[in-house]
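Colleague: One structure coming up, written as structure tokens, with questions to follow.
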Number of protein chains: 2
Amino acid sequence: MKISLMHGAGGEVMGEVVDLFSKITNTNAGGIGLEALDDGAVIPIGDRQVVFTTDSHVVRPLFFPGGDIGRISVCGTINDIAMMGGRPLALSCGLIIEEGFDFDTLSKIVDSMDRALSEENVSLVTGDTKVMEKGALDQIAINTAGIGVAETIVRDNGLIPGDAIIVSGTLGDHGFAVLASREEFDFADQIISDVAPLSGMVHAAMNAGTIHAMKDPTRGGFASAINEMAKKSKVMIRISEEEVPIRSSVRAASQLLGIDPLEVANEGKVVMGVPADDAETILKVLKGHRYGKDAAIIGTVQEGTGVIMETAAGGERFIETPMGDPVPRVC
Amino acid sequence: MKISLMHGAGGEVMGEVVDLFSKITNTNAGGIGLEALDDGAVIPIGDRQVVFTTDSHVVRPLFFPGGDIGRISVCGTINDIAMMGGRPLALSCGLIIEEGFDFDTLSKIVDSMDRALSEENVSLVTGDTKVMEKGALDQIAINTAGIGVAETIVRDNGLIPGDAIIVSGTLGDHGFAVLASREEFDFADQIISDVAPLSGMVHAAMNAGTIHAMKDPTRGGFASAINEMAKKSKVMIRISEEEVPIRSSVRAASQLLGIDPLEVANEGKVVMGVPADDAETILKVLKGHRYGKDAAIIGTVQEGTGVIMETAAGGERFIETPMGDPVPRVC
């Protein structure tokens, strides 16, 4: 078998690579490990719960409306720590660069990383640089790993029947911004990536109420994240299509291209399951944050299995886990 | 300015990339940060000192005598943690794979990672996989980051006049093993990479005596590591050429190719500065370990600056920091 683009696309197919790692002898250092396939690992150190996570970034183009590979490489890891309930402390940066890459472009990428780090007061404490010969790598790839500390750990498998499902804003912005800038569609300048560091907003929400489960809908989009949450929590989720926030520009692009906005990556959104009684309070906190203005309660958790969309027309359909994100190298 | 291969080769030139990161606002989370340019960062969490480090690996060929990219990606990070005095707890793994890469080869790489992890009882707790289109990446790149806990932090800048300099074994094995297997020289099967996880051996040495400074001589080899230790410690180091352990096969290859064995990477060696009174005891512990059989006391620390080699012929020459490792993509 050969590796295909879908093996890196965050959906069903990626599971084949994940399965390879099931033969690793030690996948857990006493907390939450690789076998949980959550957004990050948790390791008890002394009396603290340390959250540890990593992501590599190969997005193209390197600069797109609303962001760039530097911002996304910082936000991706900060957000994975936040999704576990952690407060990010420090990131590492592993650069792999193609020979001949422009130094000024690298400098701009580092500036952008710095701005994203500074937004959340996170340090970049350690790094590594490798260079590959011209033609051996398309420009640059950036890995970040990160550590944080969680007072309250939040999982992606904690949904309970009766919970409300909240999304922190419009879905599909990042995937379509990348796609549009790559293809130079006319609507390219109307769709802006949502890439943002969410730790501040997430902890404001955690202070306002209880969060039973949380995940950021990155590769494979909302469809992938919500199915994973439902499956791991052993519940059914009903989503109301009318309540799902999607920008009209994204909707137009999705119809033009035949790509479901629920299946493409977001880089500045969170999906939460919260007790119904806390939903309005948490929603208000999210809406008061710069990255949560379009937050909405979009569904409910019930007994059962699967994710059902109640359509605007009054019908019902399943939201399935996509095979993989329809946009290659979206992050 | 354009990025050159030397920007990733661990010597003088790599400093230009490192300098770019000096504009990062926060480089330190309260312990040892990026600005120290040590083998890893240290972050105080609760009452513990957490060591955090990262390395990406792009070595070619993927499999070479004595090791492979999987083993090196685990050992590189375990060793960076050990060089700070830390006991490694957990690693992350960020895979970037070229479309079309063979699944069985990936499986062998994961097996090799598992064996190296198991040797030191370290867990692989979190990961990420990205796939790039065919032609956008030469086969595979593997990043690992790691966290450990240090009871005693060891720096690379703690040498004191009077210290003895110890190396844990023969120098240049990894660089020449990679080079030989790449070029298919006749002596390829006589030179075996030293790639190995050193945490167990290093902690046995730490238990046996005091270690003032420690570094693993990877890219840029012993010449780069010893100069960095001397410069940061503000001392002069005298090395006795006759005492430096180099395999005869490595010496032969180095003469044939005109490459200094002190400038190529080692992946299973440590350079230590220890009080003269502890040197024999620590040496004995190293020699008793499977990865330290050829350990030797090779020099002394004095007041002054620079690294001087007392040659076998009775002369003296400087050991200079190389511009970069002469073997591209050695790790």
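The values are calculated or read from the model by the stated rules, or taken from the named source; none is laboratory data. This one's a predicted model, so the numbers in the text were calculated from it and none came from an experiment. Ideal geometry is used to build each Cβ from the backbone, glycine not excepted, and the neighbour counts take in all protein chains shown. Surface areas here come from the heavy atoms of the whole protein model, side chains and all, with no ligands, DNA or RNA. Shrake-Rupley method; radii C 1.70, N 1.55, O 1.52, S 1.80 Å.
Colleague: Tell me which trypsin sites (Lys or Arg not before Pro) from the stretch A:103-174 have a DSSP coil assignment and no more than 14 other beta carbons within 10 Å of their own.
Modeller: On the way: sites: A:108, A:115, A:130, A:134, A:155; in loops: A:134, A:155.
Passing sites in the stretch A:103-174 are A:134.
Colleague: May I pose another question? Amide H neighbours of residue A:45 under 5 Å, at least 5 residues apart or on other chains, H built in the peptide plane: list them.
Modeller: A:50
Colleague: Once you wrap a convex hull around the alpha carbon atoms of the stretch A:1-88, what is its projected area averaged over all directions, in nm²?
Modeller: Values: hull surface 29.4 nm².
So the mean shadow area of the Cα hull is 7.4 nm².
Colleague: Considering only the other residues whose Cβ falls under 11 Å of the Cβ of residue A:98, what net charge follows from Lys and Arg at +1 and Asp and Glu at -1?
Modeller: Values: positive: A:130, A:134, B:2; negative: A:99, A:102, A:133, A:138, B:138.
Charge balance near residue A:98 sits at -2.
Colleague: Between residue B:256 and residue B:323, what FRET efficiency comes out of the Förster formula 1/(1 + (r/R0)^6) with R0 = 25 Å and r the beta carbon distance, rounded to 0.05?
Modeller: On the way: r = 22 Å, r/R0 = 0.86.
That pair, residue B:323 with residue B:256, gives E of 0.70.
Colleague: Next up: A 26 angstrom limit on the alpha carbon distance is what I want to check against. Which of B:232/B:269; A:108/A:130; A:108/A:287; B:108/B:134 exceed it?
Modeller: A:108/A:287
Colleague: Another one. For the stretch A:131-228, what is the relative contact order in percent, using Cα pairs closer than 8 Å and at least 6 residues apart in sequence? If you can, show how the numbers build up before the last one.
Modeller: Values: 48 pairs, mean separation 31.3, N = 98.
Taking the mean separation of contacting Cα pairs over the length of the stretch A:131-228, I get 32 percent.
Colleague: Rounded to the nearest Å, what's the spacing between the alpha carbon centres of the stretch B:100-176 and the stretch A:153-187? Just the number, please.
Modeller: 34 Å
Colleague: Using a simple charge model, +1 on the beta-carbon of Lys and Arg, -1 on the beta-carbon of Asp and Glu, nothing else, what dipole does chain B show about its Cα centre, in debye to the nearest 20? Before the final figure, lay out the partial values.
Modeller: Values: 27 positive and 47 negative charges, 73 e Å.
Roughly 360 debye for chain B.
Colleague: Under a cut-off of 16 Å between alpha-carbon atoms, report the lysines in cross-link reach of residue A:231, not counting same-chain residues fewer than 8 places apart.
Modeller: A:215
Colleague: Right, here's the next one. What residues in the stretch A:133-152 lose 50 Å² or more of accessible surface when the other protein chains are added to their chain alone (1.4 Å probe)?
Modeller: A:133, A:147
Colleague: From other protein chains only, count the Cβ atoms within 10 Å of every residue's Cβ in A:44-51, then give the mean.
Modeller: Working: counts 1, 11, 7, 4, 5, 2, 10, 1.
Per-residue shielding by partner chains comes out at 5.
Colleague: Another question, then. Report, in debye and to the nearest 20, how large the dipole of the stretch B:263-331 comes out about its Cα centre when Lys and Arg carry +1 and Asp and Glu carry -1 on their Cβ. Please report the intermediate quantities before stating the final value.
Modeller: Numbers: 7 positive and 11 negative charges, 87 e Å.
The dipole of the stretch B:263-331 has a size of about 420 debye.
Colleague: Could you give, in nm with one decimal, how far residue A:252 is from each other copy of that position, shortest first, with labels 7 Å out from Cα toward Cβ?
Modeller: Those label-point separations list as 7.3 nm.
Colleague: Treating the beta-carbon of each Lys and Arg as +1 and of each Asp and Glu as -1, no other charges, what is the dipole magnitude of the stretch A:5-150 about its Cα centre, to the nearest 20 debye? Display every interim value, and only then the final one.
Modeller: On the way: 9 positive and 21 negative charges, 49 e Å.
That gives a dipole near 240 debye.
Colleague: Distances from residue B:48 to the same position in the other copies: list them in nm, one decimal, shortest first, using label points 7 Å from Cα along Cα→Cβ.
Modeller: 0.9
Colleague: State the extension gain, in nm to one decimal, for the chain segment bounded by residue B:183 and residue B:153, taking 0.36 nm per residue of separation less the distance between their alpha-carbons.
Modeller: On the way: separation 30, 0.36 × 30 = 10.80 nm, distance 4.05 nm.
Additional length available on full extension: 6.7 nm.
Colleague: Near residue B:234, within a Cβ-to-Cβ distance under 15 Å, what is the net charge of the other residues, with Lys and Arg +1 and Asp and Glu -1?
Modeller: Values: positive: B:155, B:231, B:232; negative: B:156, B:163, B:228, B:303.
So the surrounding residues net to -1.
Colleague: Where does the protein assembly as shown land at 222 nm, in deg cm²/dmol rounded to the nearest 500, when only DSSP H runs of n ≥ 4 count, each adding -39500 (n - 2.57), divided by all residues?
Modeller: Calculated at 222 nm, the ellipticity per residue is -9000 deg cm²/dmol.
Colleague: Next question. Keeping the other protein chains in place, figure out the carbon and sulfur percent of the accessible area of chain A, with a 1.4 Å probe. Write down the numbers at each step before the final one.
Modeller: Numbers: 5450 of 11320 Å².
Carbon and sulfur together cover 48 percent of it.
Colleague: Looking at the stretch A:67-115 from every direction and averaging, what is the projected area of its Cα convex hull in nm²? Walk me through the numbers on the way to the answer.
Modeller: Details: hull surface 15.2 nm².
Average projection, Cα convex hull of the stretch A:67-115: 3.8 nm².
Colleague: Given axes a ≥ b ≥ c from the Cα gyration tensor, I'd like to know whether the stretch B:5-150 is rounded (a/c under 1.5), prolate (a/b larger than b/c) or oblate.
Modeller: oblate
Colleague: Right, next: Along each of its three principal axes, how wide is the spread of alpha-carbon positions in chain A, in whole angstrom units, largest first?
Modeller: In descending order, the Cα extents are 55, 55, 45 Å.
Colleague: Now for a separate question. Can you list, shortest first in nanometers, how far residue A:304 lies from the same residue in the other copies, with each label 7 Å from Cα toward Cβ?
Modeller: 8.3
Colleague: Okay, next question. Output the antiparallel fraction of DSSP beta bridges having both residues in chain A, as a percent to the nearest 5. Don't jump to the answer; show the numbers that get you there.
Modeller: Values: 45 of 59 bridges.
Looking only at bridges with both residues in chain A, the antiparallel portion is about 75 percent.
Colleague: Relative to the compact globular guide of 2.2 N^0.38 Å, what is the alpha carbon radius of gyration of the protein assembly as shown, as a ratio?
Modeller: Scaled against compact globular proteins, the figure is 0.98.
Colleague: Also, quick follow-up: Can you give me the Cα centroid spacing of the stretch B:230-288 and the stretch A:23-66 in angstrom?
Modeller: Result: 36 Å between the Cα centres.
Colleague: Which net charge results when you count Lys and Arg as +1 and Asp and Glu as -1 among the other residues whose beta-carbon is under 11 Å from that of residue B:274? Before the final figure, lay out the partial values.
Modeller: Numbers: positive: none; negative: B:163, B:277, B:278, B:280.
Net charge around residue B:274: -4.
Colleague: For the stretch A:164-318, what is the per residue volume of the convex hull drawn over the alpha-carbon atoms, in cubic angstrom?
Modeller: Here the figure is 104 Å³ per residue.
Colleague: Starting from the amide H of residue A:308, placed 1.01 Å from N in the peptide plane, find each other amide H under 5 Å away whose residue is 5 or more places distant or on another chain.
Modeller: It is A:237, A:238, A:239, A:319, by chain and number.
Colleague: Still on this model: Need one number: buried accessible surface between chains B and A, 1.4 Å probe, both sides summed, DNA, RNA and ligands left out, in Å² to 100.
Modeller: Values: alone 14970 and 14980 Å², together 22680 Å².
Its buried surface, counting both partners, is about 7300 Å².
Colleague: Tell me the per residue accessible area of the stretch A:5-150 using a 1.4 Å probe; a whole number in Å² is fine. Please report the intermediate quantities before stating the final value.
Modeller: Details: 3910 Å² over 146 residues.
That works out to 27 Å² per residue.
Colleague: Could I ask something else about it? Which of the aspartates and glutamates could be linked to residue B:23 by a straight reach, that is with a Cα gap under 14 Å, when you skip same-chain ones fewer than 8 residues away?
Modeller: A:104, A:111, A:114, B:35
Colleague: I need the phi-derived Karplus couplings for the stretch B:115-129: 6.51 cos²θ - 1.76 cosθ + 1.60, θ = phi - 60°, integer Hz, Gly and Pro marked x.
Modeller: For the stretch B:115-129, the Karplus curve yields 5, 5, 4, 5, 4, 10, 6, 9, 9, 9, 10, 7, x, 7, 10 Hz.
Colleague: With θ set to phi - 60°, apply the Karplus curve 6.51 cos²θ - 1.76 cosθ + 1.60 along the stretch B:257-271 and write out the HN-Hα couplings as whole Hz, x wherever there is a Gly or Pro.
Modeller: Ordered by residue, 3J(HN,Hα) equals 9, x, 10, 6, x, 7, 9, 9, 6, 10, 10, x, 10, 10, 9 Hz.
Colleague: Among all the aspartates and glutamates, which ones have a C-alpha under 15 Å from residue A:284's C-alpha, if same-chain residues fewer than 8 places away are not counted?
Modeller: A:294
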